[in-house]
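The structure appears below as structure tokens.
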Amino acid sequence: MDARIDRVTGPGGQQANTWLAGDDQEVIVVDPGRDAGPVLAAAGGREILAVICTHGHAGHVAAAPEVAGRDEAPVALHRADLLPWREAHAEVRPDIEIEDGGLFEVAGLTLEVIHAPGHTPGSVCLYCEELAAVVTGDVMLAAGPARHGGTFPDFPAQLSAIGEKVLTLPSGTRVLPGHGDETTVAAAGKLFDAWVAEPVD
């Protein structure tokens, strides 16, 4: 089957989304969440080339070492998110410190790192031009900017990141968020002014 980005389905309705980018031979895991089991089951016999974390919050990275360890794959995280990462993994460091403009390749696809701080200092999105898709983590959900612990750590920065880094992508781009259902750049763009005027609940 052709290269694609799939969402991992597993137990726990409030669990963060995990995305697998690749084909029937190899994948990159994005945001493995708290439970390695469903992620490894979804990967099946495919080789895991890397585990990329869009940010360092435990709900997105707790299973990263276990998922990466199966195939001795590297774990990648932006250096600005090492502090929240350490809350989940005090003794383990990521293998790769990703930066804006960094590229990961899998199954003929290229995932471009877009640094989009606000939700956390090191939040990133991963843009795949070939599939017209962007994994946004908690930078932006279908309903708007994602909160953490009921609040926005840096709402102005998060809005700026959405407006400058996500909504400038082609309008038909699929937005694959860290929680909930996907949307598109065009649909999000129509809601952006309302998000600026009043933070979403």
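The values are calculated or read from the model by the stated rules, or taken from the named source; none is laboratory data. Just so it is clear, the structure is predicted and the values come from calculations on it, not from any experiment. Backbone-built Cβ (ideal geometry, glycine too); neighbour counts: all protein chains shown.
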I'd like to check something: does the range 171-180 contain any residue that is farther than 21 Å from residue 53 by Cβ, in a loop (DSSP other than H, G, I, E, B), in contact (Cβ under 8 Å) with a residue 40 or more places away in the chain and not small (Gly, Ala, Ser)? yes
Scanning for something buried (at least 23 other Cβ atoms within 10 Å of the Cβ), of a type in the set (A, V, I, L, M) and touching a residue at least 40 places away in the same chain (Cβ under 8 Å), does the range 78-93 turn up at least one residue? no
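Restricting the search to the range 50-61, which residues are surrounded by 20 or more Cβ atoms within 10 Å (Cβ to Cβ) and hydrophobic (A, V, I, L, M, F, W, C)? Even if it seems obvious, please write down each step before you answer.
The initial filter retains those residues of the range 50-61 that are surrounded by 20 or more Cβ atoms within 10 Å (Cβ to Cβ), namely 50-57, 60-61.
Within the range 50-61, 50, 51, 52, 53, 61 meet the criteria.
Residues that are modelled with pLDDT of 95 or more, of a type outside the set (A, V, I, L, M, F, W, C), touching a Pro at 6+ places or on another chain (Cβ under 9 Å) and closer than 28 Å to residue 194 by Cβ: does the range 124-136 have at least one?
Of the range 124-136, the ones modelled with pLDDT of 95 or more are 124-136.
Pick out the ones that are also of a type outside the set (A, V, I, L, M, F, W, C) and you get 127, 129-130, 136.
Filter once more, so that each one left must be touching a Pro at 6+ places or on another chain (Cβ under 9 Å): 129, 136.
Subsequent filtering for residues that are closer than 28 Å to residue 194 by Cβ retains 136.
Yes: the range 124-136 contains one or more residues that are modelled with pLDDT of 95 or more, of a type outside the set (A, V, I, L, M, F, W, C), touching a Pro at 6+ places or on another chain (Cβ under 9 Å) and closer than 28 Å to residue 194 by Cβ.
Look at residue 131 and say whether it is buried (at least 23 other Cβ atoms within 10 Å of the Cβ) and under 24 Å from residue 26 (Cβ atoms).
Details: buried (at least 23 other Cβ atoms within 10 Å of the Cβ): no; under 24 Å from residue 26 (Cβ atoms): yes.
Criteria not met by residue 131.
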Exactly one of 37, 69, 33 is on the phi > 0 side of the Ramachandran plot and without any contact (Cβ under 8 Å) to a residue 40 or more places away in the chain, and that one is 33
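I'm trying to understand the selection: among the residues of the range 163-182, which are of a type outside the set (Gly, Ala, Ser) and either at pLDDT below 95 or closer than 19 Å to residue 60 by Cβ (or both)? Break it down into steps so the answer makes sense when it comes.
From the range 163-182, those of a type outside the set (Gly, Ala, Ser) are 164-170, 173-177, 179, 181-182; that's our starting set.
Matches in the range 163-182: 165, 166, 175, 176, 177, 179, 181, 182.
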If I filter the range 71-86 for residues that are under 12 Å from the mean Cα position of the chain (by Cα), hydrophobic (A, V, I, L, M, F, W, C), under 22 Å from residue 186 (Cβ atoms) and at pLDDT 95 or above, do I get at least one hit? no
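Residues that are within 24 Å of residue 158 (Cβ to Cβ) and of a type in the set (D, E, K, R), at least 1 per element: which helices (runs of 4 or more DSSP H) completely within the range 1-120 meet that?
Values: elements: 36-43, 58-61, 64-70, 82-88.
Correct list: 82-88.
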The condition from (1) in contact (Cβ under 8 Å) with a residue 12 or more places away in the chain; (2) surrounded by fewer than 21 Cβ atoms within 10 Å (Cβ to Cβ); (3) farther than 28 Å from residue 9 by Cβ that residue 148 misses is numbered (3)
Counting only residues in the range 1-27 that are under 14 Å from the mean Cα position of the chain (by Cα) and under 15 Å from residue 63 (Cβ atoms), the one modelled with the lowest pLDDT is identified as 15
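Based on what the data block shows, is residue 141 crowded, with 18+ Cβ neighbours inside 10 Å, closer than 19 Å to residue 49 by Cβ, touching a residue at least 12 places away in the same chain (Cβ under 8 Å) and in contact with a Gly (Cβ under 9 Å, 6 or more places away or on another chain)? Show your work before the answer.
Values: crowded, with 18+ Cβ neighbours inside 10 Å: yes; closer than 19 Å to residue 49 by Cβ: no; touching a residue at least 12 places away in the same chain (Cβ under 8 Å): yes; in contact with a Gly (Cβ under 9 Å, 6 or more places away or on another chain): yes.
No; evaluated as a whole, the condition is false for this residue.
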Of the conditions (1) over 18 Å from residue 5 (Cα atoms); (2) crowded, with 24+ Cβ neighbours inside 10 Å, the single one that residue 176 does not satisfy is (1)
Within the range 49-97, residues under 18 Å from residue 135 (Cβ atoms) and of a type in the set (Val, Ile, Thr) come out as 51, 52, 54, 61, 67, 75, 96
